[in-house]
Amino acid sequence: MRPKQICLLLTLTVLNFARVTALGQETPFPGERGKGLDTFARRDIWDKQSNNFLARFVKVPRDKVVGFALYTHDHGVLKMSAQLYPLKPDEARDVRLELKTDGQWRQVATAPVVYPGWSAHFRIEPWDSSRDVPYRVRHGAEAVFEGLIRKDPIDKDTIVVASLSCNSNADRGEREEIVEKLKRQNPDLLFFAGDQSYDHKEHTAAWLLWGHHFREIIKDRPVVTIPDDHDVGQGNVWGEGGIVADGTDGASGGYFYPPEYIRMLDRCQTWHLPDPVDPAPIAQGIAVYFTRLRVGGVDFAVVEDRKFKSGPKGKIPQMGPRPDHIREPGYDPKKIDLPGLKLLGDRQLAFLNDWAQDWTGAEMKAVLSQTAFCGAVHLHGSKENRLLADLDCNGWPQTGRRKALEAIRRALACHLCGDQHLTAIVKHGIDTFRDGPYGFTNPAIINSYYGRWWWPEDEQPGAHPIPGSPLAWTGDYLDGLYNPITMIAYANPAYDRMPVMRKNQRNPEAFLGDGYGLVRFNKRTRETTFECWPRYADLAEGDAAQYPGWPFTFKMEDNDGRKVAGHLRELSVRGVTDPVVQVIDEANDEILYTLRVEGTCFRPHVYGPGTYTVKIGRDKPDAWSKSGLKPDAGQAEPLVVTLN
Ligand SMILES: [Fe+2]
């Protein structure tokens, strides 16, 4: 090295040192990609002035620094995350949880405030879920956030779930029109399916704003929040087991921003869920949260459909302007459904298969995840942009879709999701139309980004349109990935372009297709009802205020739409009412289904000739088993099964 080069190197080193020192030597997100992340919620914001809305928003009066709290409880464990606004250097770094029992507030736990992200986490075990318990989270001398830990609503016939997603940051105002309706509809569970934040590089500040928007309803009931692409700061995310993405469009698979950022937002949004069932982290030490949550006898599988999915770029032939958009008419769908491509991934599929067989504390089941298992969309972003397929949806890869839907069907579950900004009810087809479960994609809370439309090119209904539907294009269609789907209801925005929609976002007369879903699980009738409420709907108008095509009610058993070909010998179960029954096809050891039956007598149905094994138990099919059963073999007498 020549003296001139040494001199240059020294100069660069000194300059670099000066830069790090100027930043206070404490970036929580190392590396080039960590620059400029979460700047409005950093420790050093108190030294800075900014006119940015979020930068001002996070500097709250000190009695308001506990922004909100989220909780769930299941199988005797309460988990709660408290979310704090950025703390000043001299303020305490812990929070206290107090519970009100026998009329007295008692401190039960303290927890450190984790930085980055300013969250604090409580795990209380054992938890008695048979009574309502008021709680408050306290910080310092003044700050308090108060709410109610509800008892498990096991004695209610109908469990109500609100389903929301896509909290546009084009409107920073309150969400009172939605919150006021939800207070009256009083759901037992809130499900936020993703895109709680659209401020890609400012998750903490945007998350605090989301909590501010919804604090009046999240404070006193269990809440599921799962992050989606915009929460992780990307246009799309195919997590591909946690690898490093090559750009923020995400098409290569993986995460663009440093793992410290991803771990932070996963922690803030999902720590309060029941413990992950299979907690081994993925690449870059990124955590997983997939789990189950039972609320009032309805068993929810919380699934991460983005974390393991393969990215399309470089793995499949490009057939449009982007690796994830297909425009080539008449393409061969097998060209993109290649061996080795993942959707839910092996670990989540194993979980779903276990979950489907375990009915402990469950009378009905549902799967919650970010997006839909089909591409029920024709026009994307504007009415001029007709795509055959968008690989961001769970319609791709098709084999992964099949495995996921088969697992959901085996549990007689339906699927709830968000992401699409186009609300729809679809009956999935797996081998043929209508043989799979129902799916309900909720509308965007505010639909001012990337509107989508269901608009068949020939403007014709599909085969078997929904009788009496007010909508023009219902019935059987192939989606752009050649998956069979039956469109039951959709709510297209009544505008052609997003700028017009954005201008109209506070116009109650504008038909933007936004709002939220409400799902009623009636355990007594084993029926599920999907409702869809426009953002500005007036509850006083009753069901007429819902989007045309809703409400829609179906039987739990209809989540399995295979044609019944015969019945096995009737079972008469003694010792247990509502036992769990499983039927296995002996030809391939495939589980046809596992369900909790009503009463003590059940005639198991099958979908073809063959020989079957039936297993029975109280909560899992583990107490009794008989093989070699054939359909409609003429046995008149029920088979008596005595369980202890
Ligand atoms: Fe979104």
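At-a-glance table
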read-out: Degrees separating the helix 3-22 axis from the principal Cα axis of the chain, which is the longest one; value: 70 degrees
read-out: Magnitude of the charge dipole, the range 190-233, Cβ model with Lys/Arg +1 and Asp/Glu -1, debye to 20; value: 220 debye
read-out: Relative compactness, the range 393-478, computed as alpha-carbon Rg over 2.2 N^0.38 Å; value: 1.16
read-out: Part-to-part distance (alpha-carbon centres) for the range 235-285 and the range 152-215, which is given in Å; value: 22 Å
read-out: Residue (of Val298, Ala55, Ile584) at the positive-pole extreme of the chain, dipole from beta-carbon charges; value: Ala55
read-out: Size of charge dipole - the chain - debye, nearest 20, with Cβ of Lys, Arg +1 and Asp, Glu -1, no other charges; value: 1280 debye
read-out: Proximal aspartates and glutamates to Lys88, defined as alpha-carbon separation beneath 14 angstrom and excluding residues fewer than eight positions away on the same chain; value: Asp44, Asp47, Asp63
read-out: At most 10 other Cβ within 10 Å, DSSP loop - trypsin sites (Lys or Arg not before Pro), the range 553-644; value: Lys563
read-out: GluC sites (Glu not before Pro) restricted to the range 93-153 and DSSP loop, no more than 14 other C-beta within 10 Å; value: Glu142
read-out: Antiparallel DSSP beta bridges within the chain, as percent of all bridges there, nearest 5; value: 80 percent
read-out: Whole-percent pair-distance distribution, where bins are 10 Å wide, for the alpha carbons of the range 239-345; value: 14, 37, 28, 17, 4
read-out: Net charge of neighbours whose Cβ lies under 14 Å from the Cβ of Pro548, counting Lys and Arg as +1 and Asp and Glu as -1; value: -3
read-out: Formal net charge of residues neighbouring Arg569 (Cβ-Cβ distance under 11 Å; K, R +1; D, E -1); value: 0
read-out: Rg over Rh [alpha-carbon atoms, Kirkwood Rh] for the chain; value: 0.99
read-out: Exposure proxy ranking, count of Cβ atoms within 10 Å, fewest first, for Val519, Val114; value: Val114, Val519
read-out: Within the range 292-414, percent of DSSP bridges classed antiparallel, to nearest 5; value: 55 percent
read-out: Student exercise, the range 314-390 dipole from Lys, Arg, Asp, Glu Cβ charges, in Debye to nearest 20; value: 320 debye
read-out: Computed label-point distance, nm, for sites Ala472 and Arg131 using a 7 Å Cα→Cβ extension; value: 5.9 nm
read-out: Positive-pole candidate from Pro508, Thr474, His464, dipole of the range 440-546, charges at beta carbon; value: Pro508
read-out: Farthest toward positive dipole pole in the range 353-437 [+1 Lys/Arg, -1 Asp/Glu at C-beta], among Pro397, Asn385, Leu368; value: Asn385
read-out: Compactness index (Cα Rg / 2.2 N^0.38 Å), the range 453-498; value: 1.18
read-out: Exposure proxy ranking, count of Cβ atoms within 10 Å, fewest first, for Lys35, Lys403; value: Lys35, Lys403
read-out: Amide H partners (placed H, <5 Å) of Val224, local residues excluded; value: Leu190, Phe191, Phe192
read-out: Net +/- balance of residues flanking Gln582 in space, Cβ distance below 10 Å, scoring K and R +1, D and E -1; value: +2
read-out: Gyration tensor (alpha-carbon) shape descriptor, the range 122-216, a/c threshold 1.5; value: oblate
read-out: DSSP bridge pairs, the range 97-224: antiparallel proportion in percent, nearest 5; value: 75 percent
read-out: Residues of type lysines that Lys503 reaches as a straight line, Cα spacing below 22 Å, ignoring anything fewer than 8 places off in the same chain; value: Lys383
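We did not get these values from a lab; they are worked out from the coordinates using the rules stated. Everything quoted here is computed from the prediction, not taken from an experiment. In this analysis, Cβ positions are derived from the backbone assuming ideal geometry, glycine residues included, and neighbour counts consider all displayed protein chains.
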